[in-house]
Amino acid sequence: MWEYSDKVKEHFKNPKNVGEIENADCIGEAGALSCGDKLKLYLKIENNVIKDAKFQTFGCGSAVAASSVLTEMLIGKTVEEAKKITNKQIADELDGLPPEKMHCSVMGREALEDALKNYLGEDWGELEDDKETESPIICHCFQVSEKDIIDAIENKNAKTLDDITKLTSAALACGRCKENIEKILKKYTKKDPAALSPVQKIIKINNVVETVINPELNKDFGGIELVDVQNNNVIVKLTGHCSTCNNAKLTLKNFVETKLKELVDDQLIVSEE
């Protein structure tokens, strides 16, 4: 069962600014009934200031709450100020949303974007968070950029969509970003180990040792140090509890070598100093 803040409950039970505005200066829509949630946002604008905002929503309690609080956030703001509102700010105004419901704040943001695009008569462009990170936002629910995903792949050994979700929260909510994440995964994980230079291979081996293998061994009060790499021969030193463990050889072959084969090169052979 999801945990909802008091603000979410209040805006769901007593939503503000429900309805439509006759002769609205702009109307924005987001979502689709086929997906379960749909929002229609009406804005009245005078002298570049939003004087009134109303909404009509079909959807869950989080969708109603996010739409309600968005209208409160908009009234009194200039168009330029409204353009800077992000879905995270909408969720924060509600004291947070469950991860599975973050897409409701995204729907509010998208309806606002659609309304202001209609008002300005142009596609006024990327989300503010896209501009700030200088990298396209892939998961709008959690503001995870393409750069964040590439970092998870190249520096944190993410290999699957589940890995990306665990490391960044991307695709944890609505899941609309899954296809784009899969494309990035395909692009950045198809590198041939043979194409790595000797220095690149050593760096990658050391990274796996430090970020994947060592944390697991530390759980049993053990550890490992990379001593040398000679072609495909990886020489290591077990430390802590692992250095005196009767199963040290099994640890080297069944865990350390297996992980390095999986994440770096399946030709690697691990031995102890």
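The criterion of at least 3 residues that are more than 19 Å from the chain's Cα centre (by Cα) is met by the following strands (runs of 3 or more DSSP E) wholly inside the stretch 134-242: 222-230, 233-240. Lys101 is checked against (1) surrounded by fewer than 17 Cβ atoms within 10 Å (Cβ to Cβ); (2) modelled with pLDDT of 85 or more; (3) touching a helix residue (DSSP H, G or I) at 6+ places or on another chain (Cβ under 9 Å); (4) not hydroxyl-bearing (Ser, Thr, Tyr) and fails just one. What number does that condition carry? The single condition Lys101 does not satisfy is (1). Say whether the condition of being surrounded by fewer than 12 Cβ atoms within 10 Å (Cβ to Cβ), among the charged types (D, E, K, R) and not in a helix (DSSP H, G or I) is met by at least one residue in the stretch 255-273. Yes; the residues of the stretch 255-273 include at least one that is surrounded by fewer than 12 Cβ atoms within 10 Å (Cβ to Cβ), among the charged types (D, E, K, R) and not in a helix (DSSP H, G or I). Selection of the stretch 3-22 for residues being exposed (fewer than 12 other Cβ atoms within 10 Å of the Cβ) and within 24 Å of the chain's Cα centre (by Cα) yields only Glu3. Counting only helices (runs of 4 or more DSSP H) that fall entirely inside the stretch 1-86 and contain at least 3 residues that are of a type in the set (Ser, Thr, Tyr), the qualifying elements are 61-74. Evaluate the stretch 230-243: report whether one residue or more is modelled with pLDDT under 85 and either of a type outside the set (S, T, N, Q) or touching a Ser or Thr at 6+ places or on another chain (Cβ under 9 Å) (or both). Scanning the stretch 230-243, I find at least one residue that is modelled with pLDDT under 85 and either of a type outside the set (S, T, N, Q) or touching a Ser or Thr at 6+ places or on another chain (Cβ under 9 Å) (or both), so the answer is yes.
The values are calculated or read from the model by the stated rules, or taken from the named source; none is laboratory data. Small disclaimer: the values here were computed from a predicted structure and weren't measured. For neighbour counting, all protein chains shown are included, and Cβ atoms are generated from backbone atoms with ideal geometry for every residue, glycine included.
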